[in-house]
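Note sheet for the following structure.
The values are calculated or read from the model by the stated rules, or taken from the named source; none is laboratory data. Small disclaimer: the values here were computed from a predicted structure and weren't measured. All Cβ positions, even for glycine, are placed from backbone atoms using ideal geometry, and neighbour counts span all protein chains on display. Quick note on the areas: whole protein, heavy atoms, side chains included, nothing else; ligands and nucleic acids left out. Shrake-Rupley method; radii C 1.70, N 1.55, O 1.52, S 1.80 Å.
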Amino acid sequence: DLQPHRYRYWKTPTFDEVFVKRAAPILWCYEQADNLARREEFIVCWDEKPNSQALEREPRQRMRPGQIERQEFEYVRHGTVNFGSELVVHDGTMRGWCLEKNDSQHLCPALADLFAGFKGTRRLHLIWDGGPSHDSDYTWSFLKNYPGWVRVHLTPAHASWLNQGELPLRSFAARYLHRGTWRSRAQLMEHLLEATDEYDRLFAHPFTWSWTRRDMRRLVAVKNQ
């Protein structure tokens, strides 16, 4: 029953004033997403799925009664793709970008394209984690080109789960990458970008986010007793 041969990583955020300072504005955005959208003020979450491998595999043997699906072990590796995506919080739609590298220099052009899609709106709230490409001097310098209009909200350390952008990436990968095989890196990139359009048509929906600022303050109070 103890299973000493198994273990799982576990990292808990520190529930201090810094956590509250970062988490509260994000939770406020989620609580007000619909109201803000009606005022032309939109909330966008950004997240990446780095180093998705473009693997070419032999055809699998499909499952049948008495036998599970079988996959040939050998494969051909055609490189990797860094896939970044936005989630528009109030309607759950997503959009993807294939980045040559997962760094600030390749992130910022994708952000410029993302921002262009909201041109003319009142304000844009950008929620993401504190990854190196997000919190670099290069990226902050780029964001200064959008003073007042783009408001950036960093999730607290070890609390990237506050970023709703992780949710569509997880379900997207399960639907469109699992069991996939690609003959080239370019084919994987084409698949990723086409699949985001289908995802929006068939599966996109706003997530029901139930954890509020009140819940956060209760948890922080308990943790600090």
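Things worth noting here:
- Residue list for segment 19-54, filter: in contact with a strand residue (DSSP E or B) (Cβ under 9 Å, 6 or more places away or on another chain) and open to solvent by 50 Å² or more (accessible area, probe 1.4 Å): 22, 32, 35, 39, 40, 49, 50, 51, 53
- Checking 206, 156, 168 one by one, the residue that is open to solvent by 60 Å² or more (accessible area, probe 1.4 Å) and either under 26 Å from residue 111 (Cβ atoms) or touching a Ser or Thr at 6+ places or on another chain (Cβ under 8 Å) (or both) is 206 and no other.
- Considering segment 2-59, the residues that are without any contact (Cβ under 8 Å) to a residue 60 or more places away in the chain and assigned to a strand (DSSP E or B) include one that is nearest to residue 216 (Cα to Cα), namely 50.
- For segment 78-110, the tally of residues that are in contact (Cβ under 8 Å) with a residue 60 or more places away in the chain, open to solvent by less than 20 Å² (accessible area, probe 1.4 Å) and either under 15 Å from residue 146 (Cα atoms) or in a strand (DSSP E or B) (or both) stands at 7.
- Residue in segment 183-200 that is closer than 25 Å to residue 89 by Cα, in contact (Cβ under 8 Å) with a residue 12 or more places away in the chain, open to solvent by 90 Å² or more (accessible area, probe 1.4 Å) and not charged (D, E, K, R) present: no
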